[in-house]
Structure formats: structure tokens, C-alpha cells
Amino acid sequence: MTTDSLRSGPGANGRTSGDRARLPVREHLPACGPAAASGVPVLDVVVPVYNEEKDLRPCVLRLHDHLSRTFPYAFRITVADNASTDSTPAVAATLAAELRGVRYVRLEEKGRGRALRTVWSESDAPVLAYMDVDLSTDLNALLPLVAPLISGHSDLAIGSRLARSARVVRGSKREFISRAYNLILRSSLAAGFSDAQCGFKAVRSEVAERLLPMVEDSGWFFDTELLVLAERAGLRIHEVPVDWIDDPDSTVHIVRTATEDLKGVWRVGRALAVGALPLDRLARPFGDDPRDRALTGVERGLARQLVGFCVVGVLSTLFYLALYSLFRLGVGPQLANGGALLVSAVANTAANRRLTFGVRGRDGAVRHQAQGLVVFAIGLALTSGSLAALGAATGSPSHSTELAVLITANLAATVLRFLLLRAWVFPARACPEPEPDSDSDSDSEDVR
């Protein structure tokens, strides 16, 4: 079977990446229904392979047997061949012919990320997973891995060899590399997940539809990039402690893989820093719990926004005072104040946009800066008026007195600035009411 035969995947569930601005509310997947009756699996497990003629057959046989005995939903196993040059294609084709629920996909280019992207983007299953062909991870962790996705609790799930209750057997060299890599991710990309490289992951299909086009890597860094973007977008990642035994015959080239991973960390970190990724398209609406959907007009995130605004405000004030002192060396107090406020206001709006109110990407950035300049004008009026009043009262005030008056005026302007930013420039997005699913309605009519 080739990738052309999988084109019915996205069309089958009627979703495209442009249908909605945000992800739909997570729902518990039904155990049975029209989809199950039509042969659509709930779970599609991808096994990417390259020249694995020795391990492929025992892997698929063991996995198929485990799922047949223990998994309560319909499943599929997809062997994704990354341009193998040995007899792997023949072995995979034989397995697909012998076992029900096993299929074979041939890709003419190498790359684990490329294989996962191809199969996941074309699959019609609502839960997508993958595992390494060596089955280093104990299969008893498979159901705990996908259960939170089936129930609607989580968006992605990963196996973790670094969790406290995980049991791992591997050499000190691989242990050091794994822990060092995850330390790099935590320090450079602020990653909160514990194990990016374990070949044992799953994702809900509607998340994959939005997330996969943003992931650039087609090799080993694919997993890490997927997880970092999902976490930054606020998606829920479930971690499962696994029992894992190292494969001594692994063909992974450690040095080359580590080099490519570090390049990927730099690329993703730079993209996140400049807001080049439309992560807002991955946001989940508030209201996974039906009780929450009736709530309207409830302010959320005020405490976090206040903390972020205060941090940005302190840094902006220091930046503003430094600029004022610099400009004051060459011009009068009003020009120095106006120039310092203008420069610091642009930086303040950009920082609050990203850090305080969580707005990422370039959409609306120009409008936000324009509105920020209006807020800046109000602050300018307050501080300039204070300086004018000070000059009228004292004639020639000292520099320290000017700074004290400006600090006081800025405190008043800061309160007003936060209210305007929160209510006008970056208003909280309303949580839309859940839209009726026409497909499910028609399906229920058919059942009745």
C-alpha cells in the first residue's frame, strides 16, 4: 500500500486546518458507533522502519497480539518504510497480507519525522501513536499512553524513561546523553516534559492536523519540535512512566543525531522568540467540562497577568528612566520625556503582548502597537503635565526631583495602562458556544 491510498483520511472526518480558528473542545471517543461499524480504527500505531528486515516481523507479530488481547477499541498497525534497501518492504507486505489491521506504507525518502508526518496526516483514526521497531518500551504502557487521549483528558501523551517510577536498563553513555539533552531543552526552551526522545508517543488527530504543518524537522528532532510547540500553545501533555530496555543493536548515529537536535533547538528557540509561529491556532477553548460552558463574562488569568505586567512594568520603567537620563544630556525635559516614553512604549507593548497577555504570532501586531501608542499618549499627558506643573511651581527643579515626580506620575499611568491593555488592546477572547456537529447529528439520526 502506498501513501496515495490513504488520501481518504482527513476527508473522512470532515476536518481541515482552516475550518476553525481554534481547536474544538475535547470529547470522549465513543467505544462503538458508525465509525467503528465502518471499520475506522480508534487507534493507528505507526512503526517507522529503515532496513529492519530482522526485527520487523517479530515486532509486528508481538504488537498485533498484544493489541488483539488487551486493547478494547478497533486498532490499526501501520508499517512506515523509510526507503529501505534490504528486504524490509517484502516483510512488511507479507505482514499486511497475513494480519488483519496491518498495512504497509512505502516512502521513497528517509526520515522518521517524514514517515510520521505522512502517515499521521493521512490517517482516519482519531488517536495516532508511534513506537520504535525494537519495542524497547514495555507494551503494557500502550493502553495507559492512549487512554487519556481517548477519554478527552489530554491532547498528547509521551512515554518517559526519566520519570521517577520508570524502570530503565541502558548503558551509562546513553543515559548521560538523554539526561543532558533534556536538560538543554529545559534550560533553553523552558520545556516542562521530562523525556523528548523516547520512541513512544501519541496525539489526538485534530491536534495533529493543526500541529504537523508547523513542525519543520523530518528526522529525529521531529518529536521534540512537536512537543515544544504543543506545550507552548498550552496543550495538555500526559506522561507515562515506562519500563524500557536499551537495544544494543540500535542503528542511531548518536553524534550526528545530537548535532541535528541542537540545530533544531536553536531554530525553534529563535522562532518562538520572534513570535513567528501561529500557536494561537492550537488553543483549546475554555469549557472542556460542560458545566463551564454556561459561564459567561468571567474574568480569567487576572493574577498571572498582573504578575507579568508588573515584571514588564518594572523593566520598562528602568529602561524609560535610563533613556530619559540619556536624552536629557542633549535636550530639554519635555523632549527627553517624550522620546524616552515613545521608545519604551513600543518595547512595553511588545513585551506585554507576548509575556502578559500570551498573544503570539504576527497577526494584529501593527494594530496592537497603534493602540499601545494611544495608551502611550495618555501616559505622556500625565507625565508631561506633571513636569509642567513642577516647572511652574519651582522654576528650575533638580534632576532628582524630576525623576521623583516622573516616578509618581508613572505609577498612576501604570494602573490606567494595565486597565486599557487588558480591556481594549488585548481583551480576553470570548469562549464560543460549542457548535453543533452536523455529522454527528446525521449519524445519530441514522442510528435511530
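Kindly state, to the nearest 0.05, the FRET efficiency for L329 paired with H153, given R0 = 51 Å and r defined as their beta-carbon distance. FRET efficiency, L329 to H153: 0.30.
Keeping all protein chains in the complex and leaving out DNA, RNA and ligands, what accessible area do you get for L420 with a 1.4 Å probe, in Å² to the nearest 10? Rounded to the nearest 10, the figure is 50 Å². Tell me the net charge near D86. Cut-off is 14 Å between Cβ atoms, D86 excluded, with +1 for each Lys or Arg and -1 for each Asp or Glu. So the surrounding residues net to 0.
Other residues within the sphere of radius under 11 Å centred on the Cβ of K201, judged by their own Cβ, net out at -4 (K and R +1, D and E -1).
Taking 7 Å steps out from each Cα toward its Cβ at L99 and A190 produces label points 4.3 nm apart.
Note on surface exposure: W220, W244 rank W220, W244 by accessible area, highest first, 1.4 Å probe.
From most to least packed by mean Cβ count within 10 Å, the peptides 392-400, 266-274 give 266-274, 392-400.
Label sites at A347 and V307, each approximated as a point 7 angstrom past Cα along Cα to Cβ, lie 2.4 nm apart.
For L411 and E216, a Förster radius of 45 Å and the Cβ-Cβ distance give a FRET efficiency of 0.50, rounded to the nearest 0.05. In this rough spin-label picture, where each label sits 7 Å from Cα along the Cβ direction, the V374-L321 distance is 3.1 nm. Mean separation of Cα pairs under 8 Å and 6 or more residues apart, divided by the residue count, gives region 328-420 a relative contact order of 30 percent.
With the highest mean first, a sort of the peptides 204-215, 354-365 on other beta-carbon atoms found within 10 angstrom per residue produces 204-215, 354-365. Rounded to 0.05, the FRET efficiency of the S396 and R270 pair, given R0 = 56 Å and the Cβ-Cβ distance, is 0.70.
The values are calculated or read from the model by the stated rules, or taken from the named source; none is laboratory data. Everything numeric here is computed off the predicted structure, so don't read it as measured data. Glycine gets a Cβ as well: all are built from the backbone with ideal geometry, and neighbour counts include every protein chain shown. Surface accessibility is based on the protein's heavy atoms, side chains included, excluding ligands, DNA and RNA. Shrake-Rupley method; radii C 1.70, N 1.55, O 1.52, S 1.80 Å.
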